[in-house]
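Down below is the structure, laid out as structure tokens.
The values are calculated or read from the model by the stated rules, or taken from the named source; none is laboratory data. Keep in mind the model is a prediction, meaning the values are calculated, not measured. Heads up, the Cβs are rebuilt from the backbone with ideal geometry, glycines too, and the neighbour counts pull from every protein chain shown. Each accessible area value is taken on the protein alone, full model and side chains, heavy atoms only, with ligands, DNA and RNA left out. Shrake-Rupley method; radii C 1.70, N 1.55, O 1.52, S 1.80 Å.
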Amino acid sequence: MSEKKSRYFIRTFGCQMNESDSERISGMLGQTGAVKAERPEDADLVIVNTCAVREKSEAKLFSYLGRLAQLKKEKNLRIAVVGCVAQLRGWELLEKKAAVDFVLGPDNTAELISLVQEEAAEKHVSTSWTKEWHETSPGLIQRDSPVSAYVTVMEGCDNFCAYCVVPYTRGREKYRPLRSILGEVHDLARKGYLEAQLLGQNVNSYQDPDSGKPFTELLRAVATVEGIEWIRFLTSHPKNFRPEIAEAMAGIRKVCRQLHLPLQSGSNAVLKRMKRGYTREEYLNIISRLRSLMPGIGLSTDIIVGLPGETDQDFEETVEVLRQVRFINIFSFRYSPRPMTAASRLEDSVPKVTKQRRLEEIQRVQKDIQLEDHRRLVGQTMRVLCLGHGQKTPHLFSGRNAGNQVVNFRSDEDSTGRFVEVRITGFGPFSLLGEKTI
Ligand code: SF4
């Protein structure tokens, strides 16, 4: 490496797994002496960590790469595309976007280190998969939050839902050894972290590769780490969400009373075409069980509207489930065909305007539910983990309660990294507002 420190900028698209991967990449590059830049204009390497889950996310990537290509005309810049689109498109990306220098799939990002150290001038594409878990040193991860940390416990997915490209971009499931997960969680506790969020595409199917211990044992083991007070996990799958997982959650004090459980559709016909492996009734049974074990549990979900063949009646059944369950939050999307998936071989039969109308309808219904439920919380006092300044207003902080609702609150002192009691005084559709009492 030259004397002058290399400066890199990372732009992350997509889910928490990608955010976590970007923190890991920052850690690796930090080891080479490279320094993080706040803007691409100040960097000599821009890493774009990509998401392939929807057509729209790929379109956003291509537009961003267009802007970087302009910047590259003005200054010496190398561009690395990493993550799911890198895996999916490989060399095609270099053909379409000549400004890109390196293309690295999710299992190949460690190669960035040698590419940076050697100041590689050649174009480079690497998209091979490893079957085994590849451990990076958790001590090197440069985390964005000093309070709540992502801990990857597995990667990949064996489910092949009909609309989903993830098994083709992240590969088959592989599990991280329990001892290294625990090593990372102990390290977090020593650094003062209070919350660990266990991440994976399908965490419920976790099995320790050394002992075969299942996900429930992982939860119990993480809960033994002193200093870590709250544990969350995602993503769960209703098909793999066995009754003992709900029982383990209820029995472990540190596991937050919160679950993200993707429904995708409330219609059995659509769920079948999606190859989700459960029915609406089975999904609702899980919800009832969770609520009987943990009254007040915060539930969130994912919804896709407009899968090929989705009728108005199918859509109405999804809306009914939303009204019945009253999720605290949903992530809703219009279906778009993704390469290699089973659904992409079906005719994309629902017109774009119908998909858009259904998306808006579902978001309107959900917004009303959230407003009504938030209104009922006014006057209540709740425990909140303060994650930092929410907005630029002085004395306004932001955190989450155990149910994973966003709580913004006023406080005269900086409460970042502490549990506080907040009395709710107001609300919006997506967050609660309150005053710190303790
Ligand atoms: S469970 Fe289905 S939707 Fe989730 S990552 Fe796997 S294939 Fe995709």
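When both bridge partners sit in the chain, DSSP labels roughly 35% of those beta bridges antiparallel. Is the shape of region 154-278 best called rounded, prolate or oblate, per the rule: a/c under 1.5 gives rounded, else a/b larger than b/c gives prolate, else oblate, with a ≥ b ≥ c the square roots of the Cα gyration tensor eigenvalues? Prolate, because a/c is 1.5 or more and a/b exceeds b/c. Here the accessible area of the chain is 50 percent carbon and sulfur, with a 1.4 angstrom probe and all protein chains present. Within the listed set GLU244, GLU184, GLU58, the Gaussian network model of the chain (springs between alpha-carbon atoms below 10 Å) gives the highest mean-square fluctuation for GLU244. At full extension, ASP144 and THR437 could sit 102.7 nm farther apart than now, given 0.36 nm per residue minus the alpha carbon distance. Between GLN380 and GLN324, the FRET efficiency estimated from the beta carbon spacing at R0 = 25 angstrom works out to 0.60. When you count the other C-beta atoms within 10 angstrom of each residue and take the mean per peptide, 352-359, 166-173 line up highest first as 166-173, 352-359. Cross-linked pairs LYS60/LYS213; LYS36/LYS191; LYS254/LYS436; LYS97/LYS191; LYS36/LYS56: Cα-Cα separations exceed 32 Å for LYS60/LYS213; LYS97/LYS191. 3J(HN,Hα) along region 395-407: 6, 10, 10, 9, x, 9, 8, 4, x, 6, 8, 6, 10 Hz, from the Karplus curve 6.51 cos²θ - 1.76 cosθ + 1.60 with θ = phi - 60°, whole Hz, x for Gly and Pro.
A simple packing score, the average count of other Cβ atoms within 10 Å per residue, orders the peptides 193-201, 222-230, 396-404 as 193-201, 396-404, 222-230, with the highest score first. At the residue level, LYS174 shows approximately 20 square angstrom of accessible surface with a 1.4 angstrom probe and all protein chains present.
In order along region 199-212, the phi-based Karplus estimate (6.51 cos²θ - 1.76 cosθ + 1.60, θ = phi - 60°) of 3J(HN,Hα) comes to 10, x, 5, 8, 4, 5, 8, 3, 9, 4, x, 7, 10, x Hz; Gly and Pro are listed as x.
Would you kindly give the portion of the calculated P(r) for region 138-376 that falls above 21 Å, as a percent of all Cα pairs? The answer is 60 percent, as a whole percent. Nearest-5 percent of antiparallel DSSP beta bridges in region 288-419? Antiparallel bridges: around 65 percent, rounded to the nearest 5. Determine the calculated [θ] at 222 nm for the chain from helices alone, applying -39500 (n - 2.57) to every DSSP H run no shorter than 4 residues and normalising by the residue count; nearest 500 deg cm²/dmol. Mean residue ellipticity, 222 nm, calculated: -10500 deg cm²/dmol.
Less than 5 angstrom separates the built amide H of ALA34 from none of the residues sequence-distant by 5 or more or on a different chain. Database note for the chain: Cys without another Cys beta carbon under 4.7 angstrom, CYS15, CYS51, CYS84, CYS157, CYS256, CYS386. Report, in order of residue number, the helices in the chain meeting two criteria: a C-alpha extent of 24 Å or more along the helix axis, and a mean Kyte-Doolittle hydropathy of at least 1.0; treat each whole DSSP H run as one helix. Helices meeting the criterion: none. Note on region 264-311: the alpha carbon radius of gyration divided by the globular reference 2.2 N^0.38 Å gives 1.30. GNM on the chain, alpha-carbon springs under 10 angstrom: the most fluctuating residue among ALA189, ALA98, ALA86 is ALA98. Comparing GLN366, GLN405, GLN70 in a Gaussian network model of the chain where C-alpha atoms under 10 Å apart are linked, the largest mean-square fluctuation is found at GLN70.
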